[in-house]
Amino acid sequence: MASDAKTSKDAKAAAEQAEPEEKPADDRLLVIPSTLTVRQLAELVGASPVEVIKDLMKNGVMAAINQVIDYETATIVAHNMGFQTQEETAAEEAPERAVIEEEDPSLLKPRAAVVTIMGHVDHGKTKLLDAIRKTDVAAGEVGGITQHIGAYQVEVHGQHITFIDTPGHEAFTAMRARGAQVTDIAVLVIAADDGVMPQTVEAIDHSKAAGVPIVVAINKMDLEDANPDRVKQQLSEHGLIIEEWGGDVICVPVSAKTQEGLEDLLEHILLVAEVQELKANSQRAAVGTVIEAELDSTRGPMATMLVQAGTLQVGDVIVADEIYGKVKAMFNERGKRLKAAGPSTPVKVMGLSAVPHAGDAVIVVKNEQLARSLVTERQRQTAAASVRPLRAMTLESLYGEISAGKIKELNIVLKADVQGTLDAVRTALERLSEEQVRVNIVHAATGIITESDVMLALASKGIVIGFNSRPDTGASRQAETEGVDIRFYDVIYNLIEDVTKAMQGMLEPVYVEVVEGHTEVRQVFRVRGGRIAGCYVRDGVVSRGASARVLRQDEPIHTSRVASLRRFQEDVKEVQAGYECGVGIEGFQDFQEEDVIELYSQQRKS
Ligand code: GDP
């Protein structure tokens, strides 16, 4: 919907009238989402939030800085500031991954399977990846040297298989935690002389949690003490029954060293792929996932993307999370330039403005303006969701999620100190399953809580329970930043009581606000990029990043956080009571002397 630029106060009415004819896009055309906050609108029109609030007030709309307004209301301000507006329609918004599955079946064509190799350390994952790469006939023909770009494709009997070149379930689950599932089949490598080890079990559980079928490769068959039967036996103890014993798990003996059995393995992967009926529409705009990315000193940001549906073309404008760019060139793993890349093809893409993260979803959008507005919108959403990501689940939020129909099971990663306890706790938890909600132990093992456990909980939208088990530093940090709930218990009764209450919605949210301090504004300074308040810390402490509200005559007029904190020109982390400091507040400039800044935090009551 396009509309005339109006400067009159009844612009809202004008906006509602919707001009019938489309106006050509020009520099002053703003694409505005259907809803946005006042702050976001201010950034879009390039004005301060106060100006926007004033303008809204003039038109009879009272809105605070973080208030969400609709498109119609936003157009009032935009028009007054001389912009034409256009609503960002659903079609122009980011198509989500689900789109891949919603294709018209007649457009779907078979695509190559994407395979990740997992297994215990030293069981031969890397060597197997190298050996498979060498089997590729096409590689020999071209004669190019294969580079590591994060994934490669091999041809087997005229069909293709794509291998993710970073082995291990950690990378696999980290990608899933970011919402990306690229793997269709997991190849579980187990050394025939060593058998099932702790990371083998992790790999099994991580694959199962993702619903990815497993093909077992019993490796190192060239060794004298290779004992494949023992491996098969151990697998059955972990719920993987091989075909020859009446189960459905394919198990192929191989040697990455002698290349024995590799062809058999590849053929079996093709077989599993066929059963899965992997398909994609190659005719649509491309969607995919970043596999890995780096900053190349001469070519700038380079990202290997796995195209999952559609065809990526040179010249396409792509958005990866909060980064966008135009595809200037694409290369395959042999350094060959490609003009187009279809489903399941990994390509190294040149042309992004910065280095994206592995696991970022990539989409193609119509033009750079749309890409820019999408990225700006996402950056705002990230800023707004500052404290903890919304994806993680907590025991307190369980009931809400069940009631909202979002989940039907409570996924738990369980760690305990010893096997006996682990088994007892596991049984007790599984017994709690009810009709409405099933308790699902995604992974149970002895030992400390690791980063891999935290990522698995995040990817499974579950929680971690440590029974006489604590997290290592990496896991603690990860849980903190991702908002993953880790619960510690040493008495089964307490654990069962908490989980039962959570399932019945009786576990109250236990966050309380704790006031951490107050500062008085004594002077207002202009600095580059805005205004800061020269303050005296009256009580408590002020710290950078802390939640803050600005009080004027005891009334809160703005709530956000401490964006900057300085003492004598130096950035500091915190300032104690009795000292003076300069405080900058995010999204707020309008300080007056005698304002009070109240610092607070949300703390979980335990
Ligand atoms: P990863 O940690 O699972 O990636 O294991 P690597 O691929 O690094 O292999 C670990 C060690 O096992 C290396 O010394 C390899 O040379 C060796 N290895 C891997 N596959 C085989 C195999 O099939 N036979 C023998 N004898 N050694 C192997």
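The values are calculated or read from the model by the stated rules, or taken from the named source; none is laboratory data. All of these numbers come straight from a predicted model, not from anything done at the bench. Cβ coordinates were reconstructed from backbone atoms using ideal geometry, including for glycine residues, and neighbour counts include every protein chain displayed.
Of the residues making up region 110-159, those that are farther than 15 Å from PRO346 by Cα, away from the ligand (no atom under 16 Å from the Cβ), modelled with pLDDT of 85 or more and surrounded by 13 or more Cβ atoms within 10 Å (Cβ to Cβ) are PRO110, VAL156, GLN159. Looking across region 70-82, the residues that are of a type in the set (A, V, I, L, M, F, W, C) and surrounded by 21 or more Cβ atoms within 10 Å (Cβ to Cβ) come down to ALA74, ILE76, VAL77, ALA78.
Among the residues making up region 159-177, those that are hydrophobic (A, V, I, L, M, F, W, C) and under 18 Å from the mean Cα position of the chain (by Cα) are ALA171, PHE172, ALA174, MET175, ALA177. Of the residues making up region 328-357, those that are more than 23 Å from the chain's Cα centre (by Cα) and farther than 21 Å from VAL154 by Cβ are LYS328, ALA329, LYS339. When region 453-482 is filtered for residues that are polar (S, T, N, Q) and under 15 Å from the mean Cα position of the chain (by Cα), the ones remaining, listed by number, are SER460, GLN478, THR481.
Cβ-Cβ contacts under 9 Å between residues 6 or more apart (or on different chains), taken from a first residue in region 250-271 that is at positive phi to a second residue that is hydrophobic (A, V, I, L, M, F, W, C) and within 15 Å of the ligand (Cβ to nearest atom), are listed as GLN259/ALA131; GLY261/ALA217; GLY261/ILE218; GLY261/MET221; GLY261/VAL252; GLY261/VAL254. Is region 312-322 home to any residue that is assigned to a strand (DSSP E or B) and closer than 14 Å to SER282 by Cβ? Among the residues of region 312-322, at least one is assigned to a strand (DSSP E or B) and closer than 14 Å to SER282 by Cβ, which makes the answer yes.
Kindly establish whether GLY335 is in contact (Cβ under 8 Å) with a residue 24 or more places away in the chain, part of a loop (DSSP other than H, G, I, E, B), over 30 Å from GLU482 (Cα atoms) and not charged (D, E, K, R). Answer is yes for this residue. Within the option set ASP165, ASP184, ASP205, being acidic (Asp, Glu), within 16 Å of the ligand (Cβ to nearest atom) and at pLDDT 90 or above holds for one residue only, ASP165. In this structure, VAL45 does satisfy being within 14 Å of GLU377 (Cα to Cα) and at pLDDT 80 or above. Among the residues of region 226-243, the ones that are more than 16 Å from the ligand (Cβ to nearest atom), among the β-branched types (Val, Ile, Thr) and touching a residue at least 12 places away in the same chain (Cβ under 8 Å) come to 1 in all. Within region 40-90, the set of residues being of a type outside the set (Val, Ile, Thr), over 33 Å from the mean Cα position of the chain (by Cα), part of a loop (DSSP other than H, G, I, E, B) and closer than 20 Å to HIS558 by Cβ comprises just one member, MET62. Could you tell me whether any residue of region 306-327 is exposed (fewer than 15 other Cβ atoms within 10 Å of the Cβ), modelled with pLDDT under 95 and closer than 23 Å to ARG176 by Cα? No, the conditions are met nowhere in region 306-327. Please verify whether LEU223 is among the aliphatic types (A, V, I, L, M), surrounded by fewer than 15 Cβ atoms within 10 Å (Cβ to Cβ), under 22 Å from HIS123 (Cα atoms) and within 14 Å of the ligand (Cβ to nearest atom), treating the condition exactly as stated. Yes: the conditions hold for LEU223. Got at least one residue in region 563-584 being touching a residue at least 40 places away in the same chain (Cβ under 8 Å), closer than 30 Å to LEU395 by Cβ and assigned to a loop (DSSP other than H, G, I, E, B)? Checked against the condition, which is being touching a residue at least 40 places away in the same chain (Cβ under 8 Å), closer than 30 Å to LEU395 by Cβ and assigned to a loop (DSSP other than H, G, I, E, B), region 563-584 yields no hits at all. Being in contact with an Asp or Glu (Cβ under 6 Å, 6 or more places away or on another chain), more than 16 Å from the ligand (Cβ to nearest atom) and either at pLDDT 85 or above or in a helix (DSSP H, G or I) (or both) is the requirement here; does VAL31 meet it? When the stated conditions are applied, VAL31 does not pass them.
For region 446-496, a residue qualifies if it is in a loop (DSSP other than H, G, I, E, B) and more than 19 Å from THR427 (Cα to Cα), and the qualifying residues are ILE448, THR450, SER460, LYS461, ARG470, ASP472, GLY483, VAL484, ASP485.
Does GLY247 meet the test of being in contact (Cβ under 8 Å) with a residue 12 or more places away in the chain, away from the ligand (no atom under 15 Å from the Cβ) and under 19 Å from ILE204 (Cβ atoms)? So GLY247 does not fit the description; no.
On inspection, GLY211 does not qualify as more than 10 Å from the ligand (Cβ to nearest atom), on the phi < 0 side of the Ramachandran plot and modelled with pLDDT under 95. Here region 447-480 is the region considered, the condition is being in contact (Cβ under 8 Å) with a residue 12 or more places away in the chain and among the polar types (S, T, N, Q), and the residue that is farthest from ARG176 (Cα to Cα) is ASN468.
In summary, GLU368 fulfils each of the numbered conditions (1) modelled with pLDDT of 80 or more; (2) farther than 21 Å from VAL290 by Cα with the single exception of condition (2).
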